[in-house]
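Right, one structure below, let's go through it.
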Amino acid sequence: MIAAVSHLGTVLAAGDFTSPRVDYHALAPEIVLAAGICAVLLIDLFVGEGRRWITSTVAGFVLLGAVIPVFTLGVIGSDIRSMFDGRYVVDQFSLVLKALFLLVGYVVVLLSTNEIEEGGYYQGEYYVLLLSSVLGMVMMSSARDLVSIFVALEFLSIPAYMLAAWRKRDAKSNEAGVKYYLLGVFASAIMLYGMSLLYGITGTTKLTELGAKITATGHFRGAEALAVVFVLVGFAFKVSAVPFHTWAPDTYEGAPTPITAFLSVASKAAGFVALVTLIYVAFPQAKDVYQPFVWVISVASMTVGNLLALRQTNIVRMLAYSGISQAGFILMPLAVAGTGDSAESSLRAVVVYLIIYAAMNLGAFAVVIAVSRKTRSGEITSFGGLFSYAPGLGVLMTIFMASLAGIPPLGGWFAKFGAFKAVLEAGNGWGYSIAIIGAVNAVIATAYYITVMREIWMKPVPDGDITPIRTPGAVQAALVITAAATIVFGVLPGLVSRYGNLTDLTGAFGR
């Protein structure tokens, strides 16, 4: 304490009050989102009850407006923009992920517009929380310090806890919010304990310095290994990897469907961004610790997610377990990220998978929202005979289910191809074994996706009501965006692989 006071006195005496350099162009997406949050909040305060729909329009324009500086930063060049002593970095990796989060947020706004308005929910607060969560995700993609990573995680998680319980008079929604909150806080506590151990061992929270100091002794001590595992556990919860997945099915079923789509795509992607950043920057030499851990949770997620998805009768719960299984496939490349020359291909495989998964999974939830407006049911059997009275939705749901199964020529096949290619390039037992297990699970997963397609094309309409479905314009726009991306990424995979190639972080991460 005395030493700290003495140091503070020395600094004050020296008059060292140099302000940190701030690159406002690099921070423009975050600034636009922050201004948009304030704008939506103020609009909600002053508009009348009958005009609260304006908040959804403003939220959509804010998200699209935040994409503009992301685009300009990408066009200007590949220079790395570093701020706050390298603790906040804007590079090609972060720009690709920022664009993904913003576009996913925009699609979720489209999905939310009618459901939130017609459900009698509080619209202004809903979009404020949604934008706040997206802001946390955008921050996560640039965070290169344990403190900034944790702040970004809480920024995206706390609004999500409240959004999961947004249907306040629904017992299932209340249960969803409580489970998500309690387990999320528990996971955050474990992760924060791991971060505190890392700081105590290395004396720094900056990721690049952690990477150099954590193995300074030439071998891992027990405390170092425990710290790495605890930090990874926190983000394994966020991506709903087994055995940290128990919150996902109940939360997905109880939350408003647009928020379920948001959690299944954007929140999961943010967790993977943090995992990638930590593995490639903070723990590049810790493969003896993270590789077995990631390998085990990847295999467990694929297997458990698939087996439990086979038993589901509710479409949302099936997609929840499908998301757990898909998380296992995304984790596959990270299980060999520190092996041989597979580091760069593993990184690109993860980014490409996240982009394609976002399109096809959001599209599937968009169809669920459209169909449930008529059937008022979440059962898989409610899709019976869908093609007979809503052929467009039937074809689109078939496209999304086939893509999730990895059937060519849709986007899902290329995502899985990249994951398998990355693990096989490792050329060792870790890679070959997880490739075999992944191939078996890919076949198993096809079964429950085909179950939905069979209902659509081969089963009769459950109640005999073949009244056409009237899909709102906003949901139609979301379906067009997601379907186009799913098809184009599969037919022209070079387009999405180009964005994967932009995320070559060997130089950016200082490896």
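The table that follows gives values for the structure above.
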{"read-out": "Principal-axis tilt of helix 123-142 within the chain, Cα atoms, nearest 10 degrees", "value": "50"}
{"read-out": "Which of Ile43, Ile330, Ile469 has the fewest Cβ neighbours within 10 Å, and the rest in rising order", "value": "Ile469, Ile43, Ile330"}
{"read-out": "Cβ-based net charge around Val228, under 15 Å, with every Lys or Arg adding one and every Asp or Glu removing one", "value": "+1"}
{"read-out": "Euclidean distance of C-alpha centroids, the stretch 354-432 and the stretch 96-132, integer Å", "value": "22"}
{"read-out": "Counted charge near Gly203, where neighbours are those whose Cβ lies closer than 12 Å (Asp, Glu -1; Lys, Arg +1)", "value": "+1"}
{"read-out": "Between helix 268-277 and the chain: long-axis angle, C-alpha atoms, 0 to 90°, nearest 10", "value": "30"}
{"read-out": "The stretch 187-259 versus the stretch 261-324: alpha-carbon centroid distance in Å", "value": "13"}
{"read-out": "Trypsin sites (Lys or Arg not before Pro) within the stretch 422-503, DSSP loop, no more than 14 other Cβ atoms inside 10 Å", "value": "Arg470"}
{"read-out": "Nearest-20 debye value, the chain charge dipole, Cβ charges on Lys, Arg, Asp, Glu", "value": "560"}
{"read-out": "Count of lysine pairs in the stretch 286-504 with Cα separation under 30 Å (8 or more residues apart, or interchain)", "value": "4"}
{"read-out": "Between helix 146-164 and the chain: long-axis angle, C-alpha atoms, 0 to 90°, nearest 10", "value": "20"}
{"read-out": "Cα convex hull of the stretch 286-504, projected area averaged across orientations, nm²", "value": "11.6"}
{"read-out": "Options [x] 4, 17, 25, 22, 15, 9, 5, 2, 1, 0, 0; [y] 4, 19, 30, 27, 13, 5, 1, 0, 0; [z] 4, 18, 28, 26, 17, 6, 1, 0 - which one matches P(r) over Cα pairs in 10 Å bins from 0, in percent as calculated here", "value": "[y]"}
{"read-out": "Order of Phe101, Phe383 under a 10 Å beta carbon neighbour criterion, fewest first", "value": "Phe383, Phe101"}
{"read-out": "Residue-averaged [θ]222 nm for the chain, counting only DSSP H segments that reach four residues, each worth -39500 (n - 2.57)", "value": "-24500 deg cm²/dmol"}
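Laboratory data are not the source of any read-out in this text; all were calculated from the coordinates shown. Note that the structure is predicted; figures quoted are calculated from it, not measured. For neighbour counting, all protein chains shown are included, and Cβ atoms are generated from backbone atoms with ideal geometry for every residue, glycine included.
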